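Just below is one structure, and these are the notes that go with it.
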Amino acid sequence: MKTNTALKILAPLAAFGLSLSANAQMTANEGLSKIKSNLENSKSNLTEYQKNLKTVEGNVTEIGKAKSQVDGQKTELGKSIQDNNQSLQTLQKQEDQIQGLIKEEQASMTTEQAKISELEKTLAVLKDNQQKRQANVQAYQEQLKQASKETNEFKGRAEKLAKTQTELNNRTQSLASQENEWKGKKRGYEGEVGRWQKEVERNQKLHDNYNSLADVKE
């Protein structure tokens with residue numbers, strides 16, 4: 001609004017030239033005053049938008065750092081998930097092997113128990129074998145318990161890792177949204193800075209022209 005008023009005053013001054021009357025001189029002084037005011041306002045607006053632009057640029061930089069950090073965490077998480085899955089597969093194979101060994105030992109126990117009834121003279125040996133195999137079964141069962149415990153622990157860890165992965169994915173989406181929002185604001189502020197820079201230059205030129213007219217009048 002202030003800039004439009006100043007432009008309207010300039011036209012009659014250019015038409016009258018050096019033959020301005022006393023009233024016209026007062027009008028020129030008023031116009032110069034308004035131009036000065038417009039210039040100050042333009043400078044103030046430019047300073048404010050420049051400050052806002054720095055803030056927005058800082059926010060964009062911080063978001064970029066946060067994204068890099070999240071990407072690194074996702075990479076580490078992927079490796080942890082892969083290692084965990086490999087461990088689960090190894091434990092599952094061990095469980096299957098132990099189950100097979102237990103079945104083998106139990107089958108052997110059944111066969112040898114039948115032989116005990118038929119072979120009295122080998123009873124002592126067979127009983128000794130029974131004791132050993134029973135100890136093996138117990139040892140395998142303990143191994144199976146430990147393997148099952150570790151399997152449950154790794155499964156629980158897998159659930160936690162999956163939850164962390166979901167959280168990181170959500171964080172990535174949130175950061176991407178924030179980045180787009182701040183980049184949009186950055187473009188807006190850059191546009192405003194450019195507009196007000198041109199406004200300052202225009203008002204400065206207008207101010208200089210009025211000063212030249214004032215100097216000639218004097």
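The values are calculated or read from the model by the stated rules, or taken from the named source; none is laboratory data. All values derive from a computational prediction rather than experimental measurement. Counting neighbours? That spans all protein chains shown, and the Cβs are built from the backbone with ideal geometry, glycine included. Remember, those area values only see protein heavy atoms, side chains included, never the ligands or the DNA or RNA. Shrake-Rupley method; radii C 1.70, N 1.55, O 1.52, S 1.80 Å.
One table, with the values for the structure above:
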item: GLY156 vs. criteria free of Cβ contacts under 8 Å to residues at least 60 places away in the same chain, open to solvent by less than 40 Å² (accessible area, probe 1.4 Å), of a type in the set (Gly, Ala, Ser) and over 24 Å from GLU40 (Cβ atoms); result: yes
item: Search result, residues across the stretch 170-185 that are open to solvent by 60 Å² or more (accessible area, probe 1.4 Å) and in contact (Cβ under 8 Å) with a residue 40 or more places away in the chain; result: ARG171, GLN178, TRP182, LYS183, LYS185
item: Those residues of the stretch 165-192 which are within 24 Å of GLN73 (Cα to Cα) and either of a type in the set (Ser, Thr, Tyr) or not in a helix (DSSP H, G or I) (or both), in sequence order; result: THR166, THR172, SER174, SER177
item: Near pairs, Cβ below 6 angstrom, 6+ apart or cross-chain, from the stretch 52-79 (in contact (Cβ under 8 Å) with a residue 12 or more places away in the chain) to any residue that is open to solvent by 70 Å² or more (accessible area, probe 1.4 Å) and among the polar types (S, T, N, Q); result: LEU77/GLN165
item: Which listed residue, of GLU199, GLU167, is closer than 19 Å to LYS51 by Cβ and among the charged types (D, E, K, R); result: GLU199
item: Any chance LEU123 is aliphatic (A, V, I, L, M), surrounded by 16 or more Cβ atoms within 10 Å (Cβ to Cβ) and touching a helix residue (DSSP H, G or I) at 6+ places or on another chain (Cβ under 7 Å); result: no
item: Among (1) polar (S, T, N, Q); (2) open to solvent by 50 Å² or more (accessible area, probe 1.4 Å); (3) at pLDDT below 90 - the single one GLN97 does not satisfy; result: (3)
item: Residue in the stretch 83-93 that is more than 30 Å from THR151 (Cβ to Cβ) and out of contact with any Lys or Arg (no Cβ under 9 Å at 6 or more places or on another chain) present; result: no
item: Pairs where the first residue, in the stretch 27-42, is closer than 18 Å to VAL200 by Cβ and the second is among the charged types (D, E, K, R) and part of a helix (DSSP H, G or I), C-beta under 7 Å, 6+ apart; result: LYS34/LYS2; SER37/LYS2; ASN38/LYS2; ASN41/LYS2; SER42/GLU199
